[in-house]
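Quick notes on the structure that follows.
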Amino acid sequence: MPRYSINASRLNQTLEELGHLGDSPGGMDRVAYSPEDIAGRDYTIKLMQQAGLDTRIDTAGNIIGRRAGSEDQRPAIALGSHTDTVPKGGKYDGALGVMAAIEVVLTLKDQGHQTRHPLEVISFTNEEGTRFHRWLVGSRSMSGLLEQDDLDAKDDNGHGLGPCLADIGGDISRIGEAVRSPGELAAYFELHIEQGPYLYQSGTPIGVVTGITGRAVFEVEIEGKANHAGTTPMSTRRDALVSAAKLVLAVQKMAAEQEICRVSTVGSIKAIPNAVNVIPGSASIGLEFRDTDMQALAAAEHELRRITDQTAVDDGVDVAVHRHRFTSSVPITPEMQALVAEASVNCGFDWEPLPSGAGHDAQAIAAIAPVAMVFVPSVDGISHSQEEYSTPEDCANGAQVLLELLLLADDRF
Ligand code: HGY
Ligand code: MN
Ligand code: MN
């Protein structure tokens, strides 16, 4: 039996209320640094303060709520996730982890229970990386993994990160102050929806995450020759969009048929000038590869560069490959997996081990603290979509395990 029971209806109410902030036809639009994201952040801060947390925003824009422990000199145990979404995203990705962390604190407050360790609830900013094509920005800032090219990144309109950070209370000129040293956090626990089909298909309420995938993100720019769609003979065309289309199919084949890495995706494509009666002179595609084996990602990059070189020769176009980000895969230690499993059993829930095909803030924080992740089922395995859904019961189960996990760690660390 768990020591305390979380308040399931309170948790699901906050999830519902957060889910109204940035909701739009087609899905959630709480893209990092947007007014919708700021509304979600303000709501989160209000909840944290109502839970009695001392809140602050670090120079990277991360929201940190702290609750003193009875032995406050100990390193804090942190719970968290993110509230930014992909465009047209879902209501649970990230949001569940932040709302559940606050529910855990509210439950401890209701029970008058003070943990030995200080507690921190952290809502990391810009986990998804939509706007600047750089993800885990808040958590990588905290763990010292941010690079100069993150700070120099421009969005699709040529705007820089600095003003966006200022809009959310950060400060790019002092972003180094967000870095936490190893030892400052005793552990970081993240509850998250699985975002894949396995727990839902097996009917298992809790996932014990065994590792978090690596990811390699690229943009490929193709330069051909703009010309008249009606007068230019087919044999003389240098159509950048046709070359891009060939690359889209080749990238998909790399995982689907050649099995070079676990998954490969082209998520964005642009044609310039994007007019039906103009042969596109320029085109670009945004793509990513994922695998827990970093060698597989290196092999994928090698194959990408081979096929782009070949396309340039075959089609008489110029092709440039820009590597945006290599994120290392992160194993979860057997000890931390066992603690999640024990918490699940204490709560009376079946569990199963599984890797995460999605990336998470935990994989950045793993550079400075021991981490563990708890998954709950995603209905039909859908995520990054308006149809993303996890049942109120599964959300509550996850929060219950998160609370038990925290209490076990507080006793033993
Ligand atoms: O893309 C991901 O894996 C995560 O949802 N940011
Ligand atoms: Mn997420
Ligand atoms: Mn996501």
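With ASP380, ASP350 as the choices, which residue is under 10 Å from ILE206 (Cα atoms), charged (D, E, K, R) and away from ligand 3 (no atom under 16 Å from the Cβ)? Steps first, please.
Working: ASP380 fails: under 10 Å from ILE206 (Cα atoms).
On inspection, the qualifying residue turns out to be ASP350.
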**Message:** Looking at the range 125-137 only, could you name the residues that are away from ligand 1 (no atom under 12 Å from the Cβ), open to solvent by less than 10 Å² (accessible area, probe 1.4 Å) and not hydrophobic (A, V, I, L, M, F, W, C)?
**Reply:** THR125
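Out of the residues in the range 362-400 that are assigned to a strand (DSSP E or B) and among the aliphatic types (A, V, I, L, M), which is nearest to ligand 1 (Cβ to nearest atom)? Quick ask: steps written out before the conclusion?
Within the range 362-400, the first condition is being assigned to a strand (DSSP E or B), and the residues that meet it are 371-376.
Remaining after also requiring among the aliphatic types (A, V, I, L, M): 371-374, 376.
Values: VAL371: 16, ALA372: 18, MET373: 12, VAL374: 16, VAL376: 15 Å.
Once the filter is applied, the top-ranked residue is MET373.
So that you can scan it fast, the table gives a plain yes or no per residue for (1) in contact (Cβ under 8 Å) with a residue 60 or more places away in the chain; (2) farther than 30 Å from HIS228 by Cα; (3) part of a helix (DSSP H, G or I):
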| residue | (1), (2), (3) |
| --- | --- |
| ILE260 | no, yes, no |
| THR265 | no, yes, no |
| GLU288 | yes, yes, no |
| GLU301 | yes, yes, yes |
| VAL313 | no, no, yes |
**Request:** Kindly indicate the residue of the range 349-361 that is open to solvent by 50 Å² or more (accessible area, probe 1.4 Å) and farther than 14 Å from ASP394 by Cβ and also farthest from ligand 1 (Cβ to nearest atom) among those meeting that condition.
**Result:** PRO353
**Request:** Provide a single number: the residues in the range 192-228 that are away from ligand 1 (no atom under 15 Å from the Cβ), among the hydroxyl-bearing types (Ser, Thr, Tyr) and out of contact with any Phe, Trp or Tyr (no Cβ under 7 Å at 6 or more places or on another chain).
**Result:** 4
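Counting residues that are within 16 Å of ligand 3 (Cβ to nearest atom), which strands (runs of 3 or more DSSP E) fully inside the range 4-88 reach at least 1?
Values: elements: 54-57, 63-67, 76-82.
It comes to 76-82.
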**Item:** Filter result (away from ligand 1 (no atom under 16 Å from the Cβ), open to solvent by 10 Å² or more (accessible area, probe 1.4 Å) and closer than 30 Å to GLU387 by Cβ) within the range 76-121
**Value:** LEU106
**Request:** Check off (1) more than 16 Å from ligand 2 (Cβ to nearest atom); (2) open to solvent by 10 Å² or more (accessible area, probe 1.4 Å); (3) touching a Gly at 6+ places or on another chain (Cβ under 7 Å) for ASN7 and give me the number that stays unchecked.
**Result:** (3)
**Request:** Please find, among LEU241, LEU249, LEU199, LEU185, the residue that is closer than 21 Å to ASP156 by Cα and either in the same structural domain as ILE102 (by TED's automatic domain parsing) or open to solvent by 40 Å² or more (accessible area, probe 1.4 Å) (or both).
**Result:** LEU241
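Looking at ASP84, is it within 20 Å of SER24 (Cβ to Cβ) and either in contact with a Pro (Cβ under 6 Å, 6 or more places away or on another chain) or within 16 Å of ligand 2 (Cβ to nearest atom) (or both)? Write out each step before concluding.
Numbers: within 20 Å of SER24 (Cβ to Cβ): yes; either in contact with a Pro (Cβ under 6 Å, 6 or more places away or on another chain) or within 16 Å of ligand 2 (Cβ to nearest atom) (or both): yes.
Judged against the criteria, ASP84 is a match.
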**Asked** Are there any pairs with C-beta distances below 6 angstrom linking a residue in the range 347-360 that is within 23 Å of THR130 (Cα to Cα) to a residue that is in a loop (DSSP other than H, G, I, E, B) and not polar (S, T, N, Q), with the two at least 6 apart or on different chains, and if so which?
**Response** GLY357/GLY196
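Just the residues that are small (Gly, Ala, Ser) and surrounded by fewer than 19 Cβ atoms within 10 Å (Cβ to Cβ), please, taken from the range 369-383. Please lay out each step first, then the result.
First pass over the range 369-383, keeping only residues small (Gly, Ala, Ser): 369, 372, 378, 381, 383.
GLY381 - this is the single residue of the range 369-383 that is small (Gly, Ala, Ser) and surrounded by fewer than 19 Cβ atoms within 10 Å (Cβ to Cβ).
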**Request:** Taking the options SER243, SER264, SER329, SER282, name whichever one is in contact with a Phe, Trp or Tyr (Cβ under 8 Å, 6 or more places away or on another chain) and at pLDDT 95 or above.
**Result:** SER264
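Taking the stated definitions as given, is CYS347 over 26 Å from the mean Cα position of the chain (by Cα) and of a type outside the set (Ser, Thr, Tyr)? Show your work before the answer.
Details: over 26 Å from the mean Cα position of the chain (by Cα): yes; of a type outside the set (Ser, Thr, Tyr): yes.
So CYS347 fits the description; yes.
For the range 138-160, what are the residues that are open to solvent by less than 60 Å² (accessible area, probe 1.4 Å), assigned to a helix (DSSP H, G or I) and within 22 Å of ILE285 (Cα to Cα)?
As a first pass, look at the range 138-160 and keep what is open to solvent by less than 60 Å² (accessible area, probe 1.4 Å): 138-144, 146, 149-151, 153, 155, 158, 160.
Adding the requirement that they be assigned to a helix (DSSP H, G or I) leaves 138-142, 149-151.
Hits for the range 138-160 are ASP149, ASP150.
The values are calculated or read from the model by the stated rules, or taken from the named source; none is laboratory data. Every value quoted in this text rests on a predicted model; they were computed, and no experiment measured them. Cβ sites come from the backbone with ideal geometry, for glycine too, and all protein chains shown count toward neighbours. To get the accessible areas, we keep the full protein, side chains included, count just its heavy atoms, and leave off ligands, DNA and RNA. Shrake-Rupley method; radii C 1.70, N 1.55, O 1.52, S 1.80 Å.
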